[in-house]
Every structure is written in structure tokens, then in C-alpha cells.
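What follows is calculated from the coordinates using simple rules that are stated; it is not laboratory data. Computed from a predicted structure; not experimentally measured. Don't worry about glycine lacking a Cβ; one is built from the backbone with ideal geometry, like all the others, and counts go over all protein chains shown.
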Amino acid sequence: MKKILLALAACAVSAAAMAQPMHPTPHSRMERKHVMPHHRKHKVWVPAHREHGRRVPGHYVWR
């Protein structure tokens, strides 16, 4: 009898979990995107390279 009650309780809990929405709706995601700040830029080392035929030494760039 206890095993049957335990199995029914487990089914009820799993059914309640499945009834919850998995992901937020696209509308709520769009609203949240405007509230959250954009990813902060940080300095990245760019090795020496050529731009328009001229040599550019290595330097840091905000990206």
C-alpha cells in the first residue's frame, strides 16, 4: 500500500513539474533585454598586422 501511495505521489509531483512553462515567452525576453545592461567592453590585445598596406604595431583595442 505504501509503495502505491509513493508512486502516486511521485506521479503527481512530476505532473506538476511538467505543467510549469520551461522557457519564458519571447515577449518577456525582449522586455528583459532592454532592462539588462549590454556586455561590458574590455581591452583586447591585437597583434601586429597590416592595414591598407601599412604595418601597424601591436596594440590594445576596446571590444
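Summary of computed values
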read-out	value
HN-Hα J in Hz across segment 51-57 - Karplus 6.51, -1.76, 1.60, θ = phi - 60°, x for Gly and Pro	10, 6, x, 9, 7, 10, x
Peptides ranked, highest mean first, by Cβ atoms within 10 Å: ranges 45-55, 7-17	7-17, 45-55
Amide H contacts under 5 Å for residue 46, placed H, 5+ residues apart	59, 60, 61
Potential extension, residue 1-residue 50 segment - 0.36 nm per residue separation minus Cα distance	9.8 nm
